[in-house]
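Rule-based calculations on the coordinates, nothing more; no lab input. All figures in this text were calculated on a predicted structure; none of them were measured in a lab. As a convention, Cβ positions derive from the backbone with ideal geometry for all residues, glycine included, and neighbour counts pool all protein chains shown.
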Amino acid sequence: MSGIKSASGLVLLFLFVQLTSFAQKDYTGEADAAFKNYSFHQAIEMYKKAYSKEKKFAEKKRILFKIGQSYFYLQDNEMAENWLSKADKAGYSNPEVKYFLAESLRKQGKFEEALVEYKNYKELAPDDKRGQRGIKSCELAQEWKDNPTRYEVRPEQLLNSKQADFAPVYADKRYDEIIFTSTREGSTGNSIDPNTGQNYSSLFYSKQDRKGKWMVPTLLEGLSMEESNEGGATMDKRYRTLFFTRCIDKKNSDMGCDIYTAKQRGRSYAEPEMVPIDKPDSNVVGHPSMGLDDEYMFFASDMPGGKGGKDIWFVKYDSRKRTWGEPVNVEGVNTDGDEMYPFIREDGNLYFASNGHPGMGGLDIFKSTRQGKSDSWGEVENMQYPMNSSSNDFGIIFEGSEEKGFFSSDRSGGRGGDDIWSFRIPPLKFVIDGMVSDVETGEPIPNATIEMKGTDGSTVQVTTDELGYYQFDKKEGSDERYVKANTSYTLLVSADGYLNGKGQETTVGVQQSTRFKHDFKLQSIKQDEIEFPEVRYDLGEWELQVNDSVNSKDSLDYLYQVLVDNPNIVVELMAHTDTRGSAASNQTLSQKRAQSCVDYLISKGIAAERMEAKGYGENEPRISDAEIAKLPTKEEKEAAHQKNRRTTFRVIRDDYVPKDNGDSGDQEPQMNDEGEQPMEGEGSETDSE
């Protein structure tokens, strides 16, 4: 966003300081005094006049730097970069020029350029941890932007104006009423805040209509006063008492910021009263957040005992004495930077804005986990992109336990400087779809049935269209979805004239909406021979070959699963030998080999009547003797003979009726008289082939 950006969302940050009067006659002196008093608009004007009259080159370089700093504090990072670059190129020796240049670049999302300047600053000021923090921030910011979280964010156009709108708070238990801070037209008084160049901020109210649209915001009656900033509000759990920040502009003296409270009376509020928080008069408090059964009030303050600029503190309410206790610093979240805009959620987790932890921009939103039921918080986590951006993001609130609510940001895409944005984690959307086709021809199979069974007990069926396509998406006439989160599914596919197919999909642990593509290639039962993982035998043997290179039992387990998944088929096991040995002996050997396969499957529980063993001897070799004779080595010839020693199957019927016990005609493994399963290949016949 080009031009001077509104700093009203940060107005309390700048007002948490003393403002004193000045009356300098020279431009440089007036500019320095204005800068010191955070009157950056005026400081820029004076510095530019001073620059045109200044003759000392060293002072001119310093003025360039101060103009850049002033723009930086006004959130106009584009202009800040421009003037800070001028100061840097002019040879301004203060390392701070590198730091503020890096900061202005980072806040524009120019992470690679900012990284260079942070490294330059770190070399010049190795003891200042801001340099390393900036380096880490740039590295993390790019990573977070490349890998966004599931949150969706959008500006609330009906709540926002061309001025600053920020720090929302819910005003009703139904979450359809909201109070927020704004400098829009209609705020109290006609005076302009000298620090922001905008109206003094006031609290505004809006409510959703029956269609869920926000009505035109109106000034909250009974709270605002002339030449003061009101904002940063919170409400008690019954939504009857409002707590808010008031910063009174006292001419030629300190501007004080305190927390006030006012009880609701109809559509307005009673006269506000200051909340008595024990602090020195020269320090300020603001940004209250009520929570944890109204026993705690969190707030931001620069009072002594903190870690840096503004810290997060809390006080506890004594309901018997009706008094607030001593302020406690939330040490686990505070840094040497600024922590502000706390929000205590009903689960005890604390959310806040900070520029002291590694982040993407100016202020980032962070989450801190409460340590059990103690009064300590830790495990600070950046909310990452898109909740955070290279701009200022702050003032978050949640709609109860739901992962949705509002926050404030001066990022591009809004109407003014600071705007109210909504956020939510959309429900995960899962789809399972795919094609069903013939494994041999690749042709689609229409009217195939796909049954999906979930670990949640759900069962649903769909059929493929004329192109063989199926899909499990939304239920017809409903937003409810077939595929749920954290659920595993079994897909069973059947079609006339084909072996059934089976597949698995799971959404367990999947954190993003996903379309699972699952194609099925079905085997026609009309094939004369159906291959499956190879079953091999040693020369002259019919026992299933099991060694380091092949496990024929595993191969037969594939056929076992086919029979389980297709309970209505009857198959013929077809065994083949190589051509060595006599035809008669090979015929006998092949029959034994086929029977050994049937016996193994019976031992696994497949009903004997579902299988026929058929030996084909040496009659159907895969590789002819003439081809084998041409192979150059003995090893290659033996490998070719091995391929001829094989077992395949074909479907001879698909009308088998399973037994009444529902076991698909399968049975427990048969035992001999000693209670043991029979060994494969029992007997002593050998064949020289």
What are the ³J(HN,Hα) couplings of the range 230-237, residue after residue, when phi is run through the Karplus curve with 6.51, -1.76, 1.60 and θ = phi - 60°? Round to Hz, x for glycine and proline. 10, x, x, 9, 8, 10, 6, 5
In the structure displayed, which of LYS49/LYS86; LYS89/LYS119; LYS237/LYS484; LYS136/LYS279 lie more than 25 Å apart, Cα to Cα? LYS237/LYS484; LYS136/LYS279
Post the alpha-carbon centroid distance, the range 576-644 to the range 517-553, in whole angstrom. 12 Å
Debye, to nearest 20: dipole size of the range 411-503, +1 on Lys, Arg Cβ, -1 on Asp, Glu Cβ: 660 debye
Which cross-chain or sequence-distant (5 or more) residues have an amide H under 5 Å from the amide H of VAL535, H modelled 1.01 Å from N in plane? THR647
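Between ASP519 and LYS643, take the C-beta separation as r, use R0 = 35 Å, and let me know the FRET efficiency to the nearest 0.05. Intermediate values should be presented prior to the final figure.
Working: r = 30 Å, r/R0 = 0.84.
Calculated value: 0.75.
From the convex hull of the Cα coordinates of the range 73-194, what is the mean projected area in square nanometres? Working shown, then result.
On the way: hull surface 46.1 nm².
Result: a mean projected hull area of 11.5 nm².
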Can you bin every Cα-Cα distance in the range 447-601 into 5 Å intervals starting at zero and give me the percent of pairs per bin, rounded to whole numbers? 2, 7, 14, 15, 13, 12, 10, 9, 7, 5, 3, 2, 1, 0, 0
About the Cα centre, charge dipole magnitude for the range 8-146 (Lys/Arg +1, Asp/Glu -1 at Cβ), debye: 420 debye
Taking the Cα centroid of the range 35-75 and of the range 240-304, what is the distance between the two, rounded to the nearest whole Å? 34 Å
Please report the relative contact order for the range 270-388, taking Cα pairs under 8 Å with a sequence separation of at least 6, and give it as a percent rounded to a whole number. 18 percent
Can you give the translational diffusion coefficient of the range 195-276 in µm²/s, computed by Stokes-Einstein from the Kirkwood radius over Cα pairs at 10 °C and 1.306 mPa s? 113 µm²/s
Order of 639-649, 86-96, 390-400, 319-329 by packing, highest average Cβ count within 10 Å first? 390-400, 639-649, 86-96, 319-329
222 nm mean residue ellipticity, helices alone, for the chain (DSSP H n ≥ 4; -39,500 (n - 2.57); rounded to 500): -7000 deg cm²/dmol
For the range 478-489, just list the computed ³J(HN,Hα) in residue order, Karplus coefficients 6.51, -1.76 and 1.60, θ = phi - 60°, integers in Hz, with x standing in for Gly and Pro. 8, 8, 5, 10, 6, 9, 9, 6, 6, 9, 9, 10
Cross-link table LYS129/LYS404; LYS475/LYS659; LYS107/LYS310, entries beyond 29 Å C-alpha to C-alpha: LYS129/LYS404; LYS475/LYS659
With θ taken as phi - 60° and the coefficients 6.51, -1.76 and 1.60, list the Karplus ³J(HN,Hα) couplings across the range 527-543 in order, rounded to whole Hz; mark glycine and proline as x. 5, 5, 8, 10, 8, 8, x, 5, 9, 10, 9, 6, 4, x, 10, 10, 6
CYS257's amide H: which non-local residues (gap 5+, or another chain) put their own amide H closer than 5 Å, with H modeled 1.01 Å from N in plane and none for Pro or chain starts? VAL285
Treating every alpha carbon of the range 399-479 as one equal point scatterer without solvent, the Debye formula yields log10 I(q)/I(0) values at q = 0.11, 0.15, 0.25, 0.27 Å⁻¹ of -0.58, -0.72, -1.18, -1.23
Lysine pairs in the range 492-636 8 or more apart or on different chains: how many have alpha carbons under 15 angstrom apart? 4
Placing one identical point scatterer on every Cα of the range 161-424 and ignoring solvent, what is log10 I(q)/I(0) from the Debye formula at q = 0.08, 0.12 Å⁻¹? -0.29, -0.68
Along the charge dipole of the chain, pointing to its positive end and built from +1/-1 on Cβ of Lys, Arg, Asp and Glu, which listed residue (ALA90, GLN642, ILE63) has its Cα farthest out? ILE63
Would you work out which of SER390, MET303, MET452 lies farthest towards the positive end of the dipole of the chain, given +1 charges on the beta-carbon of Lys and Arg and -1 on that of Asp and Glu, about the Cα centre? MET303
So ASP258 and LEU631, fully extended at 0.36 nm per residue minus their Cα-Cα distance, gain in nm 124.7 nm
Let's test the formula: R0 of 51 Å, r as the Cβ-Cβ distance of GLN471 and LYS173. What FRET efficiency results, to the nearest 0.05? 0.80
Per the 1/(1 + (r/R0)^6) rule, R0 = 22 Å and r from the Cβ atoms of ASN283 and SER374, FRET efficiency to 0.05 is 0.25
Which of the aspartates and glutamates could a cross-linker bridge to LYS55, judged by Cα under 16 Å and excluding same-chain residues fewer than eight apart? ASP26
Can I get the semi-axes of the range 120-188's equivalent ellipsoid? Compute them from the C-alpha gyration tensor as square roots of 5 times the eigenvalues, in angstrom, largest first. 38, 19, 12
Quick one: what does P(r) look like for the chain with 20 Å bins over all Cα pairs, in whole %? 15, 32, 18, 19, 14, 2, 0
What number in nm² do you get for the range 418-535 if you take the convex hull of its Cα atoms and divide its surface by four? 11.3 nm²
Between ASP26 and ARG150, what is 0.36 nm times their sequence separation minus the Cα-Cα distance? Round to one decimal in nm. 39.2 nm
If the reach is capped at under 13 angstrom between alpha carbons, list the aspartates and glutamates near LYS110, excluding any in the same chain fewer than eight residues apart. GLU78, GLU81, GLU139
In nm, spacing of pseudo-spin labels at ARG415 and LYS86 (7 Å Cα→C-beta vector): 3.5 nm
One would report the Cα pair-distance distribution of the range 510-611, bin width 10 Å, in %, as 12, 39, 28, 12, 6, 2, 0
